[in-house]
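The values are calculated or read from the model by the stated rules, or taken from the named source; none is laboratory data. If you're wondering where the values come from, they're calculated on a predicted model, not measured in any experiment. Cβ sites come from the backbone with ideal geometry, for glycine too, and all protein chains shown count toward neighbours. For accessibility, only protein heavy atoms count, side chains too; no ligands or nucleic acids. Shrake-Rupley method; radii C 1.70, N 1.55, O 1.52, S 1.80 Å.
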Amino acid sequence: MDRRKIVKRRWMGIVGSALLFCIAVPGLLIAQAAQTAQTPGPYARIAIMRALDGHGAEWEAGYIRHLEWHRLAKDTFNWYSYSISSSAERQRWIIYATFGHTGAELSNPVSPAEDERDNLINVLPHAQFMGSGLYEFLSALSRGNGVPTPTLRAEYTTVVLQYGAGKAFEAALAAEQANLTGETLWYRLVAGGNTPTYVRLRPRPSLASILDERADQPLPERINELISRMTVEALNLRPDMLVNVTPVPAR
């Protein structure tokens, strides 16, 4: 074969390969970026506050104004708010939380100085903050992606373990993970309180759903000796206290 034809064919092959690379790589990067965007980060901030005595109405109005500040500041975080509807000690307290973040995202909240200033004006005169923790989502123990479905009700379980019992506790729950029948989200406290502490959030459409599934979602009996204290509370999602969260209508 003529040498010039051989060179020409090789050159055309090189150009064709380069064109395919230029077409494929951007598409691959876009697909990877989309997958990353759809995968929530592993960290959540879960906090709780209560109204000062006699300040219930002012507290709720001030907190709603503060959440409006977050919207106007174009905060990209999701902010959930639940009122505790069934509890021996924390009736009507508010659990507020944001889920599905990386460490970098939690380190860069929107306008923290302005956020604190608005809190001082609208919330702190009427409320007491009762705690704030950073939690890690435990996918191997859970059913769900770590960002709860915003249903109108939820069951909230807090488990405080004996010192050093975390690994055995997680291993026992991981062994039962395949038997979970509904959205069940486990988080491990990493900062902001006594450890080892875990919380389980089970979003449900109604109180009846929580009660009906109570017998189907027990903790394994073999972990009872690992537990120092456990509380189970029913929560109501507050549609008037959400940011970047759309509640799921009742069925």
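Going by the conditions given, is Thr98 among the hydroxyl-bearing types (Ser, Thr, Tyr), under 26 Å from Tyr198 (Cα atoms) and outside any strand (DSSP E or B)?
Values: among the hydroxyl-bearing types (Ser, Thr, Tyr): yes; under 26 Å from Tyr198 (Cα atoms): yes; outside any strand (DSSP E or B): no.
Against the criterion (among the hydroxyl-bearing types (Ser, Thr, Tyr), under 26 Å from Tyr198 (Cα atoms) and outside any strand (DSSP E or B)), Thr98 does not qualify.
So in segment 53-92, with the set limited to residues that are small (Gly, Ala, Ser) and outside any loop (DSSP other than H, G, I, E, B), which one is nearest to Leu106 (Cα to Cα)?
Per the criteria, the residue is Ser81.
Which is under 26 Å from Asp75 (Cβ atoms) and modelled with pLDDT under 95, of Pro239, Pro203, Pro218, Pro249?
Numbers: Pro239 fails: modelled with pLDDT under 95; Pro203 fails: modelled with pLDDT under 95; Pro218 fails: under 26 Å from Asp75 (Cβ atoms).
Residue meeting the stated conditions: Pro249.
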Completion exercise
Per the filter on segment 157-192, residues within 23 Å of Gly103 (Cα to Cα) and in contact with a helix residue (DSSP H, G or I) (Cβ under 7 Å, 6 or more places away or on another chain) are Glu170, Trp186
Completion exercise
In segment 61-81, anything out of contact with any Phe, Trp or Tyr (no Cβ under 6 Å at 6 or more places or on another chain), in contact (Cβ under 8 Å) with a residue 60 or more places away in the chain and surrounded by 17 or more Cβ atoms within 10 Å (Cβ to Cβ) is listed as Gly62, Tyr63, Leu67, His70, Asp75, Phe77, Asn78, Trp79, Tyr80
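I want to confirm something. Restricting to segment 136-149 and keeping residues that are in a loop (DSSP other than H, G, I, E, B) and open to solvent by 20 Å² or more (accessible area, probe 1.4 Å), which single residue is nearest to Ser85 (Cα to Cα)?
Thr149
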